[in-house]
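To keep things clear, I will list the structure first and then write my remarks on it.
No lab work stands behind these numbers, since they all come straight from the coordinates. Only a predicted model underlies this, so the values are computations on that prediction, with no experimental measurement involved. FYI the Cβ positions are ideal-geometry reconstructions off the backbone, even for glycines, and counts take in every protein chain you see.
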Amino acid sequence: MSAYGHQMEREYSAQSLSSRGGSDRESHYVVETGFYMTSFAATIFIAALVTIGVLFITLLIALTVMLQSCQSRSAGLIESQKSDYDYNKCKIFVMHAELNNLESGHIPIVCRVPTVLYIKQGQYARDLNSTMSVVENFFSNVSPLNDGLDVVLMDVDDILSSNPHNDNILLKRYDQYGCSNCIEEVKHLKEMLIHNIYKKLHDRSWTLVLFSRRAERQKNATIEHLVSSGYRDWSSLIMRSEDEMHMDSCEYLSRRKAALLKEGFRLRGTISSRLDALTGSYSREHIFKVPNPLYYNFEDQKENADKTS
């Protein structure tokens with residue numbers, strides 16, 4: 001072979017070795033950076049992925065069912081509370097308790113909630129304003145005679161607190177429902193509206209007779225409280241004598257009204273939030289019922305419930 005042929009053969013051999021060396025290096029590189037998996041291993045891997053997916057979907061379905069169940073229970077609880085705290089039902093209970101002069105224990109404790117809502121949602125204030133408008137409209141269209149015998153009776157126990165200790169207890173009870181401030185507000189509103197009616201009746205020359213269910217021994221303190229609240233120049237203040245303390249309030253007030261009629265007075269109107277003062281029929285007497293959501297004392301009611309439980 002010529003010298004040129006030997007040279008070409010050496011170069012071709014060198015290139016072949018070089019190619020094989022590169023191929024070896026390239027194959028080595030692929031082995032280091034790649035991922036080799038047999039068909040069996042791939043089957044197991046895919047099966048594992050499918051199993052995890054099924055478990056995940058099952059978990060989602062279970063959570064969805066649990067959530068729906070919780071929502072159903074919550075809805076049922078809310079409906080149960082609505083039925084327990086039914087405003088109309090409680091309103092009927094309170095109305096009949098007032099009509100029959102029942103003790104507070106006859107009214108369900110659960111009716112505390114609708115009473116709070118009646119005040120918090122502003123309905124009591126609207127009813128109070130409407131009632132005072134009715135009173136004012138009536139007396140603006142009638143006039144008393146000049147003999148001073150046309151009497152309007154007004155309930156002192158609507159003007160002044162009959163029992164400050166019980167009022168404080170009541171405020172604490174309402175505070176549990178976030179309504180202690182609203183109680184103070186509506187009490188102030190009632191006092192203001194009744195005082196405005198009192199002044200207008202006095203300015204129109206009506207004879208004003210105030211009455212209370214308190215004992216007569218509290219008369220001086222009651223007069224002092226009335227004067228400090230802006231009440232003056234009433235005709236008389238009726239309070240219970242010692243002999244009348246054992247009487248039912250309806251009987252006590254009926255007897256006092258009869259005594260006024262016997263003295264020659266004409267009862268033209270009675271303004272009170274309590275039905276014991278509005279019962280009985282008297283000639284030409286008009287009765288005006290002031291709304292009263294605080295008709296019964298919740299503290300007494302709780303004590304009665306504790307005794308029966």
Legend entry - Spin-label model distance (nm) - Lys200 vs His188, 7 Å beyond Cα toward Cβ: 2.2
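Please arrange Leu261, Leu59 by how many other C-beta atoms lie within 10 Å of their C-beta, fewest to most.
Details: Leu261 14, Leu59 10.
With the fewest neighbours first, Leu261, Leu59 line up as Leu59, Leu261.
Provide the gained length on full extension for the span Ala215 to Ser236, in nm with one decimal, where the gain is 0.36 nm per separating residue minus the Cα-Cα distance. Let's see the in-between values first.
Working: separation 21, 0.36 × 21 = 7.56 nm, distance 1.52 nm.
Separation in residues times 0.36 nm, less the Cα-Cα distance, equals 6.0 nm.
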Inset, instruction - Once you have the Cα-Cα distance between Asn137 and Ile52, take 0.36 nm times their residue separation minus that, and quote the gain in nm to one decimal. - result: 22.7 nm
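Answer rounded, prolate or oblate for segment 203-283, using the Cα gyration tensor with square roots of eigenvalues a ≥ b ≥ c: rounded when a/c is under 1.5, else prolate when a/b is larger than b/c, else oblate. Can you show the working numbers first?
On the way: a/c = 1.73, a/b = 1.08, b/c = 1.60.
Cα axes put segment 203-283 in the oblate bin.
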Inset, instruction - Sketch the reach of a paramagnetic label on Leu145 as a point 7 Å from Cα along Cα-to-Cβ, and name the residues of segment 254-284 whose backbone nitrogen lies under 12 Å away. - result: 264-267
Legend entry - For Ile238, net neighbour charge (Lys/Arg +1, Asp/Glu -1) across residues whose Cβ lies under 11 Å away: +4
